[in-house]
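Peer 1: The structure is given below, and queries will be raised subsequently.
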C-alpha cells in the first residue's frame with residue numbers, strides 16, 4: 001500500500017474545505033492508499049512505446065458533413081401557421097400579461 005498518511009488526508013480535506021470526522025479520515029487514508037497502489041502498479045507495466053489512450057478502441061465521428069440545401073422561404077414557412085403578421089408567427093404570450 002502507498003504511504004499516504006492520515007495527516008496528509010486531513011490536510012487535503014482542509015484545503016478542499018471538506019469536514020471529515022476522524023473515522024472518515026481513517027477510511028479515506030485506506031481508500032486513497034489503495035488507489036495510489038493501483039496507479040503505481042499501472043505505472044510499472046506502462047512502457048514508453050505504448051501511447052496513452054483514453055479508450056481501447058479508436059473512436060470516429062459519425063456525423064455527416066454539413067451540406068447546404070434548399071430552405072423554405074418566409075412565405076412558405078408561414079403558410080401553415082394559424083396566425084402570422086407577414087414576417088413571423090403570432091402566438092399568445094405565456095409569461096405574464098398579453099402585450
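The values are calculated or read from the model by the stated rules, or taken from the named source; none is laboratory data. Bear in mind the structure is a predicted one, so any value in this text is a computation, not a measurement. FYI the Cβ positions are ideal-geometry reconstructions off the backbone, even for glycines, and counts take in every protein chain you see.
Peer 1: Quick check on the range 29-79: of everything there that is surrounded by fewer than 10 Cβ atoms within 10 Å (Cβ to Cβ) and under 30 Å from residue 90 (Cβ atoms), which residue is nearest to the chain's Cα centre (by Cα)?
Peer 2: Ranking the qualifying residues of the range 29-79, first place goes to 68.
Peer 1: If the Cβ limit is 9 Å and pairs must be 6+ apart or interchain, which residue in the range 40-51 that is at pLDDT 80 or above pairs with which residue that is surrounded by 10 or more Cβ atoms within 10 Å (Cβ to Cβ)?
Peer 2: Filtered contacts from the range 40-51: 40/2.
Peer 1: Failed condition for residue 1, given (1) at pLDDT 90 or above; (2) over 30 Å from the mean Cα position of the chain (by Cα); (3) assigned to a loop (DSSP other than H, G, I, E, B), with all others met?
Peer 2: Just one mismatch for residue 1, condition (1).
Peer 1: Moving to a separate point now. In the list 86, 80, which residue meets the criterion of being assigned to a loop (DSSP other than H, G, I, E, B) and either in contact with a helix residue (DSSP H, G or I) (Cβ under 6 Å, 6 or more places away or on another chain) or on the phi > 0 side of the Ramachandran plot (or both)?
Peer 2: Details: 80 fails: either in contact with a helix residue (DSSP H, G or I) (Cβ under 6 Å, 6 or more places away or on another chain) or on the phi > 0 side of the Ramachandran plot (or both).
Only one candidate qualifies: 86.
Peer 1: Would you be able to tell me the number of residues in the range 14-39 that are in contact with a helix residue (DSSP H, G or I) (Cβ under 8 Å, 6 or more places away or on another chain) and either in contact (Cβ under 8 Å) with a residue 24 or more places away in the chain or within 30 Å of residue 52 (Cα to Cα) (or both)?
Peer 2: 3
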